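The next block holds one structure in the form of structure tokens; read it before the comments.
The values are calculated or read from the model by the stated rules, or taken from the named source; none is laboratory data. In this text the structure is predicted, and so the values were computed from the model without any measurement. Cβ atoms come from the backbone with ideal geometry, glycine included; neighbour counts cover every protein chain shown.
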Amino acid sequence: MIVAMQENATDEQIQHVVARMVEVGFNVHRTTGAVQTILAGVGRPGQFDHKDFELLGGVAEVIRISSPYKLAGRNFRPGGTIVTFPNGVKIGGDEVVVMAGPCSVESREQIFLSANQVKAAGAKFLRGGAFKPRSSPYSFQGMGLEGLKLLREVGDETGLLIITEVMEISQIEVMLPYIDCFQVGARNMQNFNLLRELGQVRKPILLKRGIAATIEELLLSAEYILAGGNYDLMLCERGIRTYETYTRNTMDISAIPVIKHLSHLPIIADPSHGTGRRDMVPAMARASVAAGADGLIIEVHPNPEKAVSDGAQSLFPEQFSKLMDELRIIAPAVSRTIAEPAAVPVA
């Protein structure tokens, strides 16, 4: 149930409505917008009449929610969510924010070179895996804690925000001092124990769609995090597995406007995993911005042919720079902006 309060509702009236919702068995999540307060009741309440709440002082409207996701649905925040980072970067606003970098942290030289290259092109985040979930146990598994330390060092030096993947509950506390945003990969989208724990963390999270997940399943996974009280959540469309074998996955561009309609959460597009082919990444990135994506996460490597993981889908730095220039032409057509190239120190 959603209770929309009147614009002039007093704090006392809001607290009274919250108390009544708790009394009938709801867990209440409060969000305060520019003009009104929204109260979302989730859980398994006892018997009650919606009309009783409509008559309470300060209440503008009571909306009965039939969808299984209550907090992830757009009714909870009709104006949309904007995730704001400590340095002022905002995702979900007018700017399409770009996250870029290699699949894995391989060495100090590689990650510093990558950071300077993506920052120079206009990226705001450096992506790079310290812990890598690999299909084969014999593949490179990441540098672990040493990789996290390198990410933090390069983030502090360049001003880029750091996003990297968390794979299990035990890694959360280890990662907290080193990163700015947790990434939950496709394999863990329905790791509900991990999602519950991340709901208790007060740091932004990027939740990727599973390789065979429906949009409803993605939103229900988001609900686990939101129910824990962490509202700094972004979703990611990274392609789904279909019968097509030409590409690594099938990039579901249509999911972007669908999620924008169903949910208030920002949506990021990942054309690198969505196709698995660097020759297709630019086209899918351009299409994602045109479809309404709030951001992009793209794999870029100084020398993709020698990358220890995902080299085939990683852009060369010059390809990424060219793509950013193209996106600056497309974004204004959909009332968005892309950051201009940034100056970086000459080594």
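Would you tally the residues in the stretch 92-109 being surrounded by fewer than 24 Cβ atoms within 10 Å (Cβ to Cβ) and closer than 16 Å to ARG286 by Cα?
The number of residues fulfilling the criteria is 1.
SER107 is checked against (1) over 30 Å from ARG328 (Cα atoms); (2) not assigned by TED's automatic domain parsing to the domain that holds PRO282 and fails just one. What number does that condition carry?
Unmet condition: (2).
Does the stretch 214-245 hold any residues that are at positive phi and surrounded by fewer than 19 Cβ atoms within 10 Å (Cβ to Cβ), and which are they?
Residue satisfying the conditions is GLY229 alone.
Taking MET1 as the residue in question, decide whether it is buried (at least 16 other Cβ atoms within 10 Å of the Cβ) and at pLDDT below 90.
Considered against the rule, which asks whether it is buried (at least 16 other Cβ atoms within 10 Å of the Cβ) and at pLDDT below 90, MET1 comes out as yes.
Test PRO302 against the stated conditions and say whether it is buried (at least 18 other Cβ atoms within 10 Å of the Cβ), part of a loop (DSSP other than H, G, I, E, B) and at negative phi.
yes
Of the residues that make up the stretch 312-322, is at least one part of a loop (DSSP other than H, G, I, E, B) and farther than 20 Å from THR250 by Cα?
Yes, the conditions are met somewhere in the stretch 312-322.
Just to verify a result, which residue in the stretch 283-299, among those that are of a type outside the set (A, V, I, L, M, F, W, C) and in a loop (DSSP other than H, G, I, E, B), is farthest from ALA123 (Cα to Cα)?
Narrowing the stretch 283-299 to residues of a type outside the set (A, V, I, L, M, F, W, C): 286, 288, 292, 294-295, 299.
Keeping just the survivors that are in a loop (DSSP other than H, G, I, E, B) gives 292, 294.
Numbers: GLY292: 18, ASP294: 13 Å.
Selected residue: GLY292.
Kindly provide the set of residues from the stretch 177-204 that are more than 13 Å from the chain's Cα centre (by Cα), surrounded by 14 or more Cβ atoms within 10 Å (Cβ to Cβ) and in a loop (DSSP other than H, G, I, E, B), ordered by number.
Listed by number, the residues that qualify are TYR178, ILE179, GLN190, ASN191, VAL201.
When both residues are 6+ apart or on different chains and their Cβ atoms are under 8 Å apart, which pairs have a first residue that lies in the stretch 326-343 and is farther than 16 Å from LEU296 by Cα, and a second that is charged (D, E, K, R) and in a helix (DSSP H, G or I)?
Correct list of pairs: ALA342/LYS119.
Give the residue, chosen from ALA339, ALA331, that is touching a strand residue (DSSP E or B) at 6+ places or on another chain (Cβ under 8 Å), farther than 30 Å from GLY73 by Cβ, surrounded by fewer than 20 Cβ atoms within 10 Å (Cβ to Cβ) and of a type in the set (A, V, I, L, M, F, W, C).
ALA339
Would you tally the residues in the stretch 260-282 being outside any helix (DSSP H, G or I) and under 26 Å from GLY73 (Cα atoms)?
8
Please go through the stretch 308-326 and pick out each residue that is over 20 Å from ILE162 (Cα atoms) and of a type in the set (Gly, Ala, Ser).
Scanning the stretch 308-326 gives GLY311, ALA312.
Of all residues in the stretch 214-259, count the ones that are closer than 25 Å to VAL28 by Cβ and in a loop (DSSP other than H, G, I, E, B).
Going through the stretch 214-259 one residue at a time, the tally reaches 5.
Quick check on my filter: what residues within the stretch 149-161 are out of contact with any strand residue (DSSP E or B) (no Cβ under 6 Å at 6 or more places or on another chain) and not basic (Lys, Arg)?
LEU150, GLU153, VAL154, ASP156, GLU157, THR158, GLY159, listed by residue number.
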